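Written out below as structure tokens is the structure these notes cover.
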Amino acid sequence: MIGYQLLERAPLRARNTFGVEATAALLADVRSPAALAELLDYPLVRQSEVLILGEGSNLLFAGDFDGVVIAPATTGIQIIEEDADRVRVRAEAGERWDDLVRWSVGRGLHGLENLALIPGSVGAAPIQNIGAYGADISQSLAFVEAFDRDQHVHRTLAAADCVLGYRDSLFKREAQRWVVTAVAFDLRRSADLRLDYAGVREEIAAMGVESPRPLHAAEAISRIRARKLPLPSLLGNAGSFFKNPSVPSAQSEALADRFAELPSFADGDGKQKLSAAWMIEHCGWRGFREGDAGVAAQHALVLVNHGHASGAQILSVARRVADSVEQTFGVALEPEPRIIGARW
Ligand SMILES: Cc1cc2nc3c(=O)[nH]c(=O)nc-3n(C[C@H](O)[C@H](O)[C@H](O)COP(=O)(O)OP(=O)(O)OC[C@H]3O[C@@H](n4cnc5c(N)ncnc54)[C@H](O)[C@@H]3O)c2cc1C
């Protein structure tokens, strides 16, 4: 067994949640860390641009990919250390993120419950420090195992070395260097649940639960998410298309004078984070459709593929949305998904 499977001119439509057509010059599904090292050592691979692909839920293919796509496919979730308060859990990169969340809340462990139902693989979770409902993985990350393409060695990076920020990390900044192979989390046997985010307490009450545990928080958040966000299997999308922009407080105050309802949140260092969704909706984009590319009717931050839109058509809508927000508010939006085959 060689531990990987290769396909030339590989179709990628089923491997991105926008469901856009694209091909990769070469695609490798890799089932072991040893096979990954071997594959990355081939001269062809060393000389090519490499794209690490999980479930394709945070990518937009604006064209074909002329390099080598590597899809980590190792699976497994294990407890590697535990004591009276804490359980350290290690999961392979190819596990589905939500399966890890279900695994942890099913054992009563605290730490990942607010991140339920985020699509994607475990290996991608550190790339943008996935976050939702007032939590992100920086709060429970123990370490990341990754292959370092510059040094050609497997390395273990402590959480502090991963430089996690809002939708950001070392791995995102050095995308050609790192292949995440496994991720470990420190989960707690008991902790306060974070239920303050809009609607979570109400959903738990509606479920008839009086003493919620992590399982209930995850279930409540999953129900809210399922109502708010279009399901990629029914309507192609990559979740939020734009990050919430961070602006100097003076600019945020000036905007508040003109747009009293524009939500903003303290972002440290004299900055305020603004709601990208509110600004896009204010510009009238919610529910917009041109051909099969558009903006979701449920959520102004979500760009969608109604069936046969190309990545370039979705990107064109995204650019027009960002231009109109810039003209109205003087704020530049940045995309959250990685755009392959075009520059933003
Ligand atoms: C409906 C919907 C809702 C979403 N909600 C949220 C949300 O609430 N919060 C949030 O943070 N995100 C959200 N997302 C975005 C997405 O789910 C996450 O970013 C997720 O972590 C992407 O995982 P993936 O396996 O699909 O990664 P991919 O889309 O395949 O890849 C994303 C990036 O990570 C890199 N990458 C992937 N795997 C590896 C690896 N093993 N090693 C190195 N690099 C790698 C890729 O090269 C690419 O740059 C949502 C997406 C959708 C479709």
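Miscellaneous remarks
- Any hit, region 296-311, residues being more than 16 Å from the ligand (Cβ to nearest atom) and hydrophobic (A, V, I, L, M, F, W, C): no
- Within region 275-296, if we keep just the residues that are open to solvent by 30 Å² or more (accessible area, probe 1.4 Å) and in a strand (DSSP E or B), the residue that is farthest from GLU253 (Cα to Cα) turns out to be GLU290.
- In summary, ARG227 fulfils each of the numbered conditions (1) more than 27 Å from the chain's Cα centre (by Cα); (2) open to solvent by 40 Å² or more (accessible area, probe 1.4 Å) with the single exception of condition (1).
- When the criteria are applied in full, ARG90 fails the requirement of being within 16 Å of the ligand (Cβ to nearest atom) and either without any contact (Cβ under 8 Å) to a residue 12 or more places away in the chain or not assigned by TED's automatic domain parsing to the domain that holds ARG223 (or both).
- The residues of region 129-162 that are hydrophobic (A, V, I, L, M, F, W, C), touching a helix residue (DSSP H, G or I) at 6+ places or on another chain (Cβ under 9 Å) and surrounded by fewer than 16 Cβ atoms within 10 Å (Cβ to Cβ) amount to a single one, VAL153.
- Failed condition for ILE118, given (1) over 14 Å from the mean Cα position of the chain (by Cα); (2) near the ligand (Cβ under 10 Å from one of its atoms); (3) in the same structural domain as PRO212 (by TED's automatic domain parsing): (1)
- Any chance GLY239 is under 27 Å from VAL317 (Cα atoms) and either within 16 Å of the ligand (Cβ to nearest atom) or open to solvent by 40 Å² or more (accessible area, probe 1.4 Å) (or both): yes
- Screening region 23-106 for strands (runs of 3 or more DSSP E) wholly inside it with 1 or more residues that are open to solvent by 10 Å² or more (accessible area, probe 1.4 Å) and in contact with a helix residue (DSSP H, G or I) (Cβ under 6 Å, 6 or more places away or on another chain) returns the ranges 77-82.
- ALA218 vs. criteria within 14 Å of the ligand (Cβ to nearest atom), part of a helix (DSSP H, G or I) and in contact (Cβ under 8 Å) with a residue 24 or more places away in the chain: yes
- None of LEU255, LEU315 is away from the ligand (no atom under 15 Å from the Cβ), assigned to a helix (DSSP H, G or I) and under 24 Å from PHE18 (Cβ atoms) except LEU315.
The values are calculated or read from the model by the stated rules, or taken from the named source; none is laboratory data. Keep in mind the model is a prediction, meaning the values are calculated, not measured. Heads up, the Cβs are rebuilt from the backbone with ideal geometry, glycines too, and the neighbour counts pull from every protein chain shown. Protein only, heavy atoms only, side chains kept; ligands, DNA and RNA dropped before computing areas. Shrake-Rupley method; radii C 1.70, N 1.55, O 1.52, S 1.80 Å.
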